[in-house]
Amino acid sequence: MGTMGVSGELSARLYQILTVHADASGVVRGLFASTIRAELCCSGDEYDAALHALGERVVRLLVAHGYEYRIGDARHAPIPREAEVAPPPAPGYKRRRPAPAPRLRDDLTPAVLAEFARAGVTLAQLMALPERTDRDAWLILAEGLFSLFEAAIAGLAVSEQREVLTARLGLKDPPLSQQGTAFALGMQRGSVRALEYKAISEIRDGAWPAAAALRIASHTLLHHGSSRRDALDAATVLHTLQTSFHAETSEHSPATSLALGRLAGLTNAEAQRLKDDVAVRHAEQQRERNRAVRFGQLLAGAWWPERIHPNYPVGTIPARAVDAKNNVGSFESALNKRVIWFESYLERATFEQFEAAAAHIAAYQEQPLSLPYIRDDAQRAFYPDVLLRLADGRGLLIEIKPAWQVFLYENVVKISHAIQWCEQEGIGFALATDTGIEAFIAQALARERHRKIAHIVHESRTVAYPALRAALPDAKFCDCAAAVVSTDIRWSMKPFALVAAGTDDALHFARFRRLIACSLPH
């Protein structure tokens, strides 16, 4: 067998070890050191024979430790086990002690089963996970698991370890970060990290019944369970347990995932990956929750007519052509069961709010209709962004715009005509903005800079942006918006100008203020 052939086969084996079996990396480093020494001391046929012997040695060592190896798609038969001594580690390499495998049979003693009973959780509950929507069952399981944590922590001899792990897991209060725990306990962050690591290691190796019960529970959650394990992987299980236990605060405890992973026999690297996966699920759930909250705020700021249509229809065919030519992008809507195009990322964010609040929405349609209107003696068409039907049958027309653009004169006229049309149809009207209307103009209304702007405009009738900045250097767009709401001022951008509105605009401004008043504090 040629030298290159042996090297290629050995490289494939070592690559498989490094990528699949992270805990074997120390053995592989030692073998690489042996390879380097063999290369320095041997040449030609001697090197080829030494390398071949080294490859066989790797395989025997792996099989002796319960591993299997593959080269490509071929699964190689196990090699008979022989007494094998691991090569010495490379110079400067510190051998890491592998995590001990859970001793499940030895740990199942009457005392350990009594700990399960006191925690209110059984092995059958741990192995047969409840449905995702069964929150009460998840809460019972979570409370039992965290009761096992409390009992195991009580067996630690060092009080600082008990305090740190209790704070990090959130057993009494919402979970704290390492920095937060250090501040609460008057320690350094490095000390908190060391105490947490040591506490988990002692529980993993501890002989008292509560520690053994927690090890069994961790191993059962992450490695066993019913046939639904494929749908509910370890990260999903741990995330659901934590959100059930900390439902009131919606907090996430990375230490819980890391501790359970290590207690279940995972290596530090595997436990870290598990913790990261749980954090990703928590972040996604938090985004969904925030979207649902923003949709609730949008509904709270909507204007509704006196007469409301009981079951307003929502179509599926947009009034304006939507395709990849004049849009930013598209996504698959689970609520509408079709592709939705969006013209801006603000529109996409609003559509994602609808998807997160699917329990409150029956359907929605983008670019639903064309509303004709007259502005500056010219016939124009207004295409509202979204028409949706709520679960209770009410219709709601929504215009999506950045907050400052809402107050431009052209949009004031559009919104006025839209409110008039909605009043005839018996549906509501709302504005979806990047920042809430209240947050946008509240500061300006409090400082009353808008009154100075109104005074300047009424004195000169028309004020351009340079003149406004010369008179009020600290003037901002929110001040102009507050002036539009509080006084009759037309604000345009092309060109930028503030103009005193005429009597013909009084009706438009009255309707516009009615809508804005719904969003402002009462």
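The values are calculated or read from the model by the stated rules, or taken from the named source; none is laboratory data. What you see is a predicted model; the values in this text were computed from it and never measured. Virtual Cβ from ideal backbone geometry, glycine too; neighbours counted across all protein chains shown.
List of remarks:
- The residue list Glu410, Glu459, Glu399 contains one member that is more than 28 Å from Ile340 (Cβ to Cβ) and either of a type in the set (A, V, I, L, M, F, W, C) or not in a loop (DSSP other than H, G, I, E, B) (or both), which is Glu459.
- Given (1) at pLDDT below 85; (2) within 28 Å of the chain's Cα centre (by Cα); (3) under 24 Å from Phe512 (Cβ atoms), index of the condition Trp341 fails: (3)
- From the list Ala211, Ala207, Ala235, Ala247, the one residue that fits, being under 25 Å from the mean Cα position of the chain (by Cα) and at pLDDT 85 or above, is Ala235.
- Only one entry in Val164, Val158 is of a type in the set (A, V, I, L, M), farther than 26 Å from His223 by Cβ and surrounded by 21 or more Cβ atoms within 10 Å (Cβ to Cβ), namely Val164.
- Residue ID - modelled with the highest pLDDT, chosen from residues in the range 424-456 that are of a type in the set (Gly, Ala, Ser) and in a loop (DSSP other than H, G, I, E, B): Gly426
- Answer from Leu431, Leu520, Leu507, Leu515 - the residue that is touching a residue at least 60 places away in the same chain (Cβ under 8 Å), under 21 Å from Leu396 (Cβ atoms) and either touching a Cys at 6+ places or on another chain (Cβ under 6 Å) or surrounded by fewer than 19 Cβ atoms within 10 Å (Cβ to Cβ) (or both): Leu520
- Cβ-Cβ distances below 6 Å connect the following pairs, each with a first residue in the range 400-412 that is assigned by TED's automatic domain parsing to the domain that holds Arg375, a second residue that is surrounded by fewer than 18 Cβ atoms within 10 Å (Cβ to Cβ) and of a type in the set (Gly, Ala, Ser), and a separation of six or more residues or different chains: Tyr409/Ser492.
- Just one residue in the set Glu438, Glu459, Glu423 is surrounded by fewer than 20 Cβ atoms within 10 Å (Cβ to Cβ), in contact with an Asp or Glu (Cβ under 9 Å, 6 or more places away or on another chain) and at negative phi; that residue is Glu423.
- Of the residues making up the range 486-501, not a single one is assigned to a helix (DSSP H, G or I) and in contact with a Lys or Arg (Cβ under 7 Å, 6 or more places away or on another chain).
- Residue among Glu352, Glu343 that alone is of a type in the set (D, E, K, R), in the same structural domain as Ile400 (by TED's automatic domain parsing) and under 30 Å from Leu238 (Cα atoms): Glu352
- Test: residue in the range 179-187 that is over 18 Å from Trp208 (Cα atoms) and in contact with a Phe, Trp or Tyr (Cβ under 8 Å, 6 or more places away or on another chain): no
- Scan the range 397-412 for residues that are aliphatic (A, V, I, L, M) and closer than 13 Å to Tyr383 by Cα and the total you get is 3.
- Ile516 being hydrophobic (A, V, I, L, M, F, W, C) and within 16 Å of Gln405 (Cα to Cα): yes
- Boolean, Thr133 is among the polar types (S, T, N, Q), outside any helix (DSSP H, G or I) and assigned by TED's automatic domain parsing to the domain that holds Glu115: yes
- Scanning the range 108-124 for residues that are in a helix (DSSP H, G or I) and either surrounded by 14 or more Cβ atoms within 10 Å (Cβ to Cβ) or not assigned by TED's automatic domain parsing to the domain that holds Ala213 (or both) turns up Val112, Leu113, Glu115, Phe116, Arg118, Ala119, Leu123.
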